[in-house]
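What follows is one structure encoded as C-alpha cells, with my remarks underneath.
The values are calculated or read from the model by the stated rules, or taken from the named source; none is laboratory data. Nothing here was measured: the structure is a model prediction, and the numbers come from that model. Using ideal geometry, Cβ is built from the backbone for each residue, glycine included, and neighbour counts are taken over all protein chains shown.
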Amino acid sequence: MLSDSYGRVATDLRVSLTDRCNLRCSYCMPAEGLDWLPSADQLTDDELIRLLGIAVGSLGIKEVRFTGGEPLLRRGLPDIVASTAALTPRPEISLTTNGIGLARLAGPLRAAGLDRINVSLDTLDEATFVRLARRNRLADVLAGLAAAADAGLTPVKVNTVLMRDVNDHEAVDLLQFCLDHGYQLRFIEQMPLDAQHGWRREDMVTADEILAMLAVKFDLVPDDPTDRGSTPAESFLVDGGPARVGVIGSVTRPFCGACDRVRLTADGQVRNCLFAREESDLRGPLRSGAKDEAIAERWRRAVASKLPGHGINDPGFLQPARPMSAIGG
Ligand code: SAM
C-alpha cells in the first residue's frame, strides 16, 4: 500500500505522458511555450508499463489516469492503454485531455480499454477560445467531445477553469451546453501552478462565486456529502437531477484530508502532491537495474512523507518548481 503518516492511502495514480501541449492556456503556460523535456529523459513505453505493473501489482493502485501536457500527443497512446488494461489486477483507466485529436482517437482508445474521459473546455466562444488558449481549436475540441460520447466513453466529463473578465460570464452557458449534450461539467478553481507565476488570488473565480452565478438560472442542491469519498468535486443536483454539476474548490475549499492521489511525471519522478516541492526519482533506479521490490519501496517512501495539505493558503506558500503542464494535472 501507498500510505502516508496521516492515514491516507493513495490508490489513484496520475501519469503524465508528456509535458508538451498544443494549446497555450494562459492560466497554464506562457504564449511561447516552455523548454520541453528532452526525449531521452522521458520514460519509454516499456519503462512506463513496468512502473504501472509495480503500482497495480504491489502498491494497491486501482485507477490510472493519463494526463500531461497533452496526452493525445504521446505517440502510441492506444498501445499504452492496451498494455495498462492487460495488467493484473486491471486498473480503471481514464484520460484527461484538451480534446484535440480525440475525434480520431476516441474509438481506438475505447477499443484499447479506456474506461473514462475528461475533456477540458473553458468557453463556447471562438474568439474567447483564441484569447484564452492562444490557438483557434474550439471546433476540434467540440468534435472530440462528440466523438468521445459516440465511442461510449460515457459519462463524458468536462473540466472548466473560469478566469475573471475572460470567460466567467459563460458559467451558465457552459452548464446548459453540458446538460443539453449529456456531459458532466466540473468547474475547477484556478490554482497557482502556471509556469509564468501569474496567479493572483483576487483574480481567481471562487467556488462561492461559481455557485452564485449558476444559481441565477439553475436550482442547485448539494449531493449527500457522505457519498463524496475522495473525489475532488463537490457535487450538486441540477434542477432536481439526475444531472449534476461539480465544483472543485482546490484553493477555497481544500480536500487534502481525503486525497488518494499520487503522481508520476513523464520523466519518471514520483510526486505525492500537485504542490509538492520534492520528488523521488524512479527512472534512475529503473535504468540502473533495480529490482521491482526496490522500486516499490522507493515509491512507498515517497508517499509516506506526504504533507497534510497543499499549503496554498499558508503565508509562506511557495509554488512548486514544475508547472502544472510538467507535473500532470
Ligand atoms: N492537456 C490536458 C487537458 O487540457 O485536460 C491535460 C493536462 S491539463 C494540465 C489538466 C487540467 O488542468 C485541465 O482541465 C486544465 O484546465 C487544468 N489546469 C491547468 N492549469 C490549471 C491551473 N493553473 N489551475 C487549475 N486548473 C488548471
Residues of segment 25-53 being aliphatic (A, V, I, L, M) and surrounded by fewer than 20 Cβ atoms within 10 Å (Cβ to Cβ), in sequence order, are ALA31, LEU34, LEU37, ALA40, ILE49
Within segment 169-203, of all residues that are within 14 Å of the ligand (Cβ to nearest atom) and surrounded by fewer than 18 Cβ atoms within 10 Å (Cβ to Cβ), the one nearest to PRO323 (Cα to Cα) is ALA195
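Matching residues to (1) farther than 25 Å from GLY69 by Cα; (2) free of Cβ contacts under 8 Å to residues at least 40 places away in the same chain:
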residue	(1), (2)
PHE255	no, yes
ALA266	no, no
PHE275	no, no
GLY289	yes, yes
ARG300	yes, no
LYS306	no, no
GLY309	no, no
ILE327	no, no
A careful count of residues in segment 134-145 that are in contact (Cβ under 8 Å) with a residue 12 or more places away in the chain and touching a helix residue (DSSP H, G or I) at 6+ places or on another chain (Cβ under 6 Å) gives 3
Subject >> Any chance GLY69 is within 16 Å of the ligand (Cβ to nearest atom) and surrounded by 16 or more Cβ atoms within 10 Å (Cβ to Cβ) >> reply: yes
With respect to ASP150, determine if the residue is out of contact with any Cys (no Cβ under 6 Å at 6 or more places or on another chain), modelled with pLDDT of 95 or more and surrounded by fewer than 21 Cβ atoms within 10 Å (Cβ to Cβ).
yes
Residue pairs qualifying under the 9 Å Cβ cut-off, at least six apart or on distinct chains, with the first in segment 21-44 being within 16 Å of the ligand (Cβ to nearest atom) and the second being of a type in the set (Phe, Trp, Tyr), are TYR27/TRP199
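Here's the yes/no breakdown for (1) of a type in the set (Ser, Thr, Tyr); (2) at pLDDT 95 or above; (3) over 21 Å from PHE317 (Cβ atoms):
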| residue | (1), (2), (3) |
| --- | --- |
| GLY241 | no, no, yes |
| VAL245 | no, yes, yes |
| PHE255 | no, no, no |
| ASN272 | no, yes, no |
When every residue in segment 311-325 that is touching a residue at least 60 places away in the same chain (Cβ under 8 Å) and under 21 Å from THR18 (Cβ atoms) is compared, the one farthest from the ligand (Cβ to nearest atom) is PRO320
If you go through VAL245, VAL221, the only one that is within 16 Å of the ligand (Cβ to nearest atom), assigned to a strand (DSSP E or B) and either in contact with a helix residue (DSSP H, G or I) (Cβ under 6 Å, 6 or more places away or on another chain) or more than 27 Å from ALA326 (Cβ to Cβ) (or both) is VAL245
Within segment 92-115, residues more than 14 Å from the ligand (Cβ to nearest atom), touching a residue at least 40 places away in the same chain (Cβ under 8 Å) and assigned to a loop (DSSP other than H, G, I, E, B) come out as none
Taking segment 119-158 and keeping residues among the aliphatic types (A, V, I, L, M), out of contact with any strand residue (DSSP E or B) (no Cβ under 7 Å at 6 or more places or on another chain) and not in a helix (DSSP H, G or I) leaves LEU124, ALA151
If we ask which residues in segment 269-325 are among the hydrophobic types (A, V, I, L, M, F, W, C), assigned to a loop (DSSP other than H, G, I, E, B) and under 20 Å from ASP12 (Cα atoms), their number turns out to be 6
Scanning segment 116-133 residue by residue, those surrounded by 17 or more Cβ atoms within 10 Å (Cβ to Cβ) and either within 29 Å of ILE93 (Cα to Cα) or in contact (Cβ under 8 Å) with a residue 60 or more places away in the chain (or both) turn out to be ARG116, ILE117, ASN118, VAL119, SER120, LEU121, ASP122, THR123, PHE129, LEU132, ALA133
With the first residue restricted to segment 187-207 and required to be more than 26 Å from PHE236 (Cβ to Cβ), and the second required to be more than 7 Å from the ligand (Cβ to nearest atom) and hydroxyl-bearing (Ser, Thr, Tyr), Cβ contacts under 8 Å at 6 or more apart or on different chains are ASP194/SER26; GLY198/SER26
Of the listed residues (LEU264, LEU286), the one being modelled with pLDDT of 95 or more and more than 16 Å from the ligand (Cβ to nearest atom) is LEU286
